[in-house]
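Could you have a look at this structure, given as structure tokens, before my questions?
The values are calculated or read from the model by the stated rules, or taken from the named source; none is laboratory data. From a predicted model like this one, the values you see are computed outputs, not experimental measurements. So basically every Cβ, Gly included, is an ideal-geometry build from the backbone, and we count neighbours across all protein chains shown.
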């Protein structure tokens, strides 16, 4: 498993609410953000009011675009995507605005509502490959809905339900009527019923931040955060009692998003009622990531996004290159009854098993846990992050101090299991010195009450007091197995 590097590649996204420049690099399958800057220009506000981009919004946007173009030039990007969405698409003076943008040296492509829906769907699929249901991408000027299933994107529609068009107190019956009219003759009508709703866009991300703050969620990561329908009433109440400063300070919600959030709550309530999803998740990936994902070859698209990112980070931060997959194979016989998802998380743990080696020894576990819990991972939810964090805590010898609140995200019996992963990883690295060739010459297995490490007679010098100590620790972690070594 190797890393397909690319970039740096940039995207300038001229949206109805924000104008953003993002530069990406690192792994081709799951790019890392090298630079990210946005301006809340609110181009769509004028379009919602009188059908035109306002002079003030145009001036602010042009100033930002000139900066973004210069930054892109200095970064020597291999490719720069430049796109504009609903506000520019719908404005009566949109073409005149584009001529002004061209004078700066940019030629953004105005994408259609259908393509906007497709790209949002592709962005979600790139981060959540098993997504099944409807993607809802909420911008300032429009709401795009598109079906996703089996790693692909289906039909989409664009609706005039952006946050600027909703108004301060939108009528839910009017919203419902608009949604039903948009989906009545296509597959979207039933695509969400009994499946999932995936929420894309800054407004939904802001709502997720508020939900995590109000509910006291122990792991405030937006991506794959589930918003429960029954919590929307409480979120509306919180918006009513918290002022702007409180929302900015305690929930880290951008001030420009705050005035529209009550309307967003109404929109989400109505979408859930009309579309009938069983669950609603927020996706950090959307249109921009969809642009990058669409360019990938079929084989790269099929890569697991979590494992691809873990390989890239493991190679970059580890001492001995990528041998996490070999460690996972080495310990596999110790855990014969694991689900496919737990096998996947164990492999990710092994790929990240050397990421904190260069920290001070007293803080290696702390650094590894922080990266596991708060890293820019996709293809994983808060439960998966907690699994990685607890396993890596054990792998780096830090069995005390792991957050009890985060540990509560684990299922019954999982703490013992993932601690044993960490102990096995710790033994493998000590035994082999971090070298794959030596590790492959040994094997480890378990019986009903015994843990057996096998080492060829030729390499018996690999067995030391330090190795023995970690072998005994692993035996205890596996439920008190008697540990022994055999020299073949």
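Starting from residues that are exposed (fewer than 14 other Cβ atoms within 10 Å of the Cβ) and more than 37 Å from the chain's Cα centre (by Cα), keep the ones in the range 469-483 and report whichever is nearest to residue 420 (Cα to Cα).
480
Write out, first by first residue and then by second, each pair whose Cβ atoms fall under 6 Å of each other, whose residues are 6+ apart or on separate chains, and whose first residue, in the range 241-259, is in the same structural domain as residue 170 (by TED's automatic domain parsing) while the second is part of a helix (DSSP H, G or I) and at pLDDT below 80.
255/248
Give 182, 201 a once-over and let me know the one that is assigned by TED's automatic domain parsing to the domain that holds residue 282, closer than 17 Å to residue 16 by Cβ, buried (at least 16 other Cβ atoms within 10 Å of the Cβ) and out of contact with any helix residue (DSSP H, G or I) (no Cβ under 7 Å at 6 or more places or on another chain).
Just a single option satisfies the conditions, and that option is 201.
Among 311, 274, which is the only one that is buried (at least 21 other Cβ atoms within 10 Å of the Cβ) and assigned to a helix (DSSP H, G or I)?
311
List pairs: first residue in the range 27-48 and over 18 Å from residue 290 (Cβ atoms) and in the same structural domain as residue 68 (by TED's automatic domain parsing), second residue modelled with pLDDT under 90 and part of a strand (DSSP E or B) anywhere in the structure, Cβ distance under 9 angstrom, at least six positions apart or on different chains.
Matching pairs, first to second residue: 34/7; 34/26.
Filter the range 451-463 for residues that are over 11 Å from residue 485 (Cβ atoms) and either assigned to a helix (DSSP H, G or I) or modelled with pLDDT under 95 (or both) and give the result.
457, 458, 459, 461
Quick one: would you say residue 230 is under 19 Å from residue 144 (Cα atoms), modelled with pLDDT of 80 or more and either assigned to a helix (DSSP H, G or I) or touching a strand residue (DSSP E or B) at 6+ places or on another chain (Cβ under 7 Å) (or both)? Don't jump to the end; show me each part of the working.
Values: under 19 Å from residue 144 (Cα atoms): no; modelled with pLDDT of 80 or more: yes; either assigned to a helix (DSSP H, G or I) or touching a strand residue (DSSP E or B) at 6+ places or on another chain (Cβ under 7 Å) (or both): yes.
Answer is no for this residue.
Also: Determine which single condition residue 409 fails, assuming it passes every other condition in (1) within 26 Å of the chain's Cα centre (by Cα); (2) touching a residue at least 60 places away in the same chain (Cβ under 8 Å); (3) surrounded by fewer than 15 Cβ atoms within 10 Å (Cβ to Cβ).
Unmet condition: (3).
If you don't mind, another one. Can you tell me which residues in the range 335-363 are in a helix (DSSP H, G or I) and either at pLDDT below 90 or surrounded by fewer than 20 Cβ atoms within 10 Å (Cβ to Cβ) (or both)?
Once the filter is applied, which keeps residues that are in a helix (DSSP H, G or I) and either at pLDDT below 90 or surrounded by fewer than 20 Cβ atoms within 10 Å (Cβ to Cβ) (or both), the range 335-363 yields 340, 341, 342, 343, 344, 361, 362, 363.
Another one. Mind telling me which of the residues 437, 391, 386, 424 ends up being at pLDDT 95 or above, over 30 Å from residue 225 (Cα atoms) and not assigned by TED's automatic domain parsing to the domain that holds residue 221?
Only one candidate passes the filter, namely 424.
Sticking with this structure for a sec: Quick check on residue 55: is it out of contact with any helix residue (DSSP H, G or I) (no Cβ under 8 Å at 6 or more places or on another chain) and closer than 18 Å to residue 102 by Cα?
On the way: out of contact with any helix residue (DSSP H, G or I) (no Cβ under 8 Å at 6 or more places or on another chain): yes; closer than 18 Å to residue 102 by Cα: yes.
Yes: the conditions hold for residue 55.
Also: Going through the range 114-146 one residue at a time, which ones are on the phi > 0 side of the Ramachandran plot and surrounded by fewer than 19 Cβ atoms within 10 Å (Cβ to Cβ)?
none
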